Amino acid sequence: MKISVIGTGYLGATHAACMAELGFDVLGVDIDAAKVSALGEGVLPFHEPGLPELLRKHVATGRLRFTTSFEEAGAWADVHFVGVGTPQRAGEHAADLTYVDAAIRSLAENITKDSLIVGKSTVPVGTTRRLRDIIDKYRDPSVSVGLAWNPEFLREGFAVRDTLSPDRLVFGVDNEADETVLRSVYAQAIADGTPVIVTDFETAELVKVAANAFLATKISFINAFSEITETIGGDIRTLADAIGHDARIGRRFLNAGVGFGGGCLPKDIRALQARASELGLDRTMRFLSEVDSINLRRRDRVVHLAESMLGQLLGKKIAVLGVAFKPDSDDVRDSPALDVAVRLFNSGADVAVYDPEGTANAAKRFPRLDYKGTLEDAAQDADLVLLLTEWNEFRALRPEQLAALTSGQRIIDGRNVLCGDEWEAAGWEFAALGQRFVPAGELADALMR
Ligand code: NAD
């Protein structure tokens, strides 16, 4: 079986390399000629642990190739996976489906042999049936072109593992023959015990957005409690541990902090609200707007804490550790860390930024921040240090490491990964999200009274 993967971004490049690893001949197709050329030379244009090795290995054997030609893909592959982007539409909450529509149309116009198109992008419910009509409008009537939806659940940072050993496979199909093709593509994972859920198109589309809506809600749930503990006192980490012991709740995704971001959760919860409204269900997903607001307020809280610690931001030197939306990724799409860094900069602070992998992407979006190559360079002479992405390098930070570099001993832990007692014992003014913070000046005033 020959496989094409349309759209070779985070999802598609990973899927293509992993399909080659499973033994298939694979052709990656993208409209971005520069990306195609880099991938074709075995160069991965983004950071993903383990993926460069797979890419190089299979490009070298010729089992994995890349092209911009739909004509070539349509004549060659038996199965076409579609993983193009579905970003938020400018100025709206809804998903922009122009890339999906264009990719499906290009495929339909160029397929010259019986084949199956398998959608992997995250799309609003109802999209697959609409795409079926596009395919039927543009395909050669003498060839049979099937359509299935197989949402992708990979996590950046674990993308290779998640693709080779997914925790579940969801097949949205309308006939058994297409299910059989998908079962043979994923035969290895299925033999290894991955559960397969075979369902209709609508359910398959909804599984993905429901999962992301649930995860976003879980993060904002604990962050809402942060607003309470920040006001009245209490320990947000202990609260999360204690409720997390309940197996019905679970501890994962209950980490209080600066909130979620990235290329999926924010846009997916917005697109879900927009789709529900289109269906006349305005109130059904309205709670997600609160989930979104709680999440965005966490960024305000960090800026507010910085102001409380520094008095004013104008002219102050602030070291921001982390700009990727999460560790082990260089993805800065809708990154809370980058957003906070830019807000501090816009308030007049002199912001030095360090991230092990994310600075190049961040610099493309916000070239005016001062990007540094090491943690030490960023922290040099800083009045305040902010930890905003929980890379292991930052989790391991100790007060003595920074003390000789910074000009002020102030730190905000935006991810709740440091031990506040240790920093305070070393003489630092320490603040963390979810913990009540009393600026040193106010504390002294209160003690005097
Ligand atoms: P991305 O922006 O990294 O990649 C999208 C790619 O599609 C780009 O390389 C772009 O050039 C290409 N493209 C656009 N139009 C095209 C066309 N007509 N023909 C061929 N290629 C085209 O996006 P991504 O993060 O890989 O996400 C892709 C989809 O997968 C989205 O729907 C996203 O929600 C979903 N998803 C992403 C992840 C993730 O972790 N990144 C996980 C699960 C699902």
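The values are calculated or read from the model by the stated rules, or taken from the named source; none is laboratory data. A quick note: this is a predicted structure, and the numbers were derived from the prediction, not measured. Backbone-built Cβ (ideal geometry, glycine too); neighbour counts: all protein chains shown. For the accessible areas, the whole protein counts, side chains as well, though only heavy atoms, and no ligand, DNA or RNA atoms are used. Shrake-Rupley method; radii C 1.70, N 1.55, O 1.52, S 1.80 Å.
Some observations on this one:
- Restricting the first member to segment 361-379 and to residues that are polar (S, T, N, Q), and the second to residues that are open to solvent by 60 Å² or more (accessible area, probe 1.4 Å), the beta-carbon pairs closer than 9 Å and six or more apart or on different chains are Asn361/Arg333.
- Condition check for Ile117: crowded, with 19+ Cβ neighbours inside 10 Å and touching a His at 6+ places or on another chain (Cβ under 6 Å): yes
- Here the condition is being open to solvent by less than 60 Å² (accessible area, probe 1.4 Å) and free of Cβ contacts under 8 Å to residues at least 24 places away in the same chain; of Ala324, Ala276, Ala271, it holds for Ala276 alone.
- Taking segment 97-212 as the region of interest, the strands (runs of 3 or more DSSP E) fully inside it that hold 2 or more residues being away from the ligand (no atom under 16 Å from the Cβ) are 115-119, 145-149, 196-199.
- If you go through segment 20-55 and keep only what is open to solvent by less than 40 Å² (accessible area, probe 1.4 Å), within 9 Å of the ligand (Cβ to nearest atom) and part of a loop (DSSP other than H, G, I, E, B), you end up with Asp30, Phe46.
- Residue check, Leu64 away from the ligand (no atom under 15 Å from the Cβ), of a type outside the set (Gly, Ala, Ser) and over 19 Å from the mean Cα position of the chain (by Cα): yes
- Residue list for segment 245-266, filter: closer than 27 Å to Asp339 by Cβ and among the small types (Gly, Ala, Ser): Ala256, Gly257, Gly259, Gly261, Gly262, Gly263
- Segment 147-183, residues that are hydroxyl-bearing (Ser, Thr, Tyr) and out of contact with any Leu (no Cβ under 9 Å at 6 or more places or on another chain): Ser165, Thr180
- Restricting segment 175-229 to residues that are polar (S, T, N, Q) and open to solvent by less than 40 Å² (accessible area, probe 1.4 Å), the residue that is farthest from Leu279 (Cα to Cα): Thr229
- Residue under evaluation Arg283, criteria (1) assigned to a helix (DSSP H, G or I); (2) open to solvent by 50 Å² or more (accessible area, probe 1.4 Å), criterion not met: (1)
- Pairing residues of segment 93-108 that are assigned by TED's automatic domain parsing to the domain that holds Ala274 with residues that are among the polar types (S, T, N, Q) and surrounded by fewer than 19 Cβ atoms within 10 Å (Cβ to Cβ), at Cβ distances under 6 Å and at least 6 apart in sequence or on separate chains, gives no pairs at all.
- Conditions (1) under 27 Å from Ala210 (Cβ atoms); (2) polar (S, T, N, Q); (3) open to solvent by 20 Å² or more (accessible area, probe 1.4 Å): number failed by Ser308: (1)
- Positions within segment 56-96 being under 20 Å from Arg270 (Cα atoms), open to solvent by 30 Å² or more (accessible area, probe 1.4 Å) and in a strand (DSSP E or B), in sequence order: Gln88
- For segment 283-319, the set of residues classified as among the β-branched types (Val, Ile, Thr) and touching a strand residue (DSSP E or B) at 6+ places or on another chain (Cβ under 9 Å) consists of Val302, Ile318, listed by residue number.
- The residue list Phe158, Phe153, Phe171 contains one member that is at pLDDT 95 or above, more than 18 Å from Val209 (Cα to Cα) and within 24 Å of the chain's Cα centre (by Cα), which is Phe158.
- The C-beta contact set for segment 2-19 (first residue under 18 Å from Ser37 (Cα atoms) and open to solvent by 10 Å² or more (accessible area, probe 1.4 Å), second residue near the ligand (Cβ under 9 Å from one of its atoms) and among the hydrophobic types (A, V, I, L, M, F, W, C), distance under 9 angstrom, 6+ apart or interchain) comprises Gly9/Phe46; Gly9/Val84; Tyr10/Phe46; Tyr10/Leu154; Tyr10/Ala159; Leu11/Val84; Leu11/Leu154; Leu11/Ala159.
- Hits in segment 174-219 (condition: among the β-branched types (Val, Ile, Thr) and under 20 Å from the mean Cα position of the chain (by Cα)): Val207, Val209, Thr217, Ile219
- Residues satisfying the stated conditions in segment 404-424, i.e. without any contact (Cβ under 8 Å) to a residue 24 or more places away in the chain and more than 14 Å from Leu310 (Cα to Cα): Ala404, Cys419, Gly420, Asp421, Glu424
- Residues of segment 160-174 that turn out to be crowded, with 20+ Cβ neighbours inside 10 Å and over 18 Å from Asp192 (Cα atoms), as a count: 2
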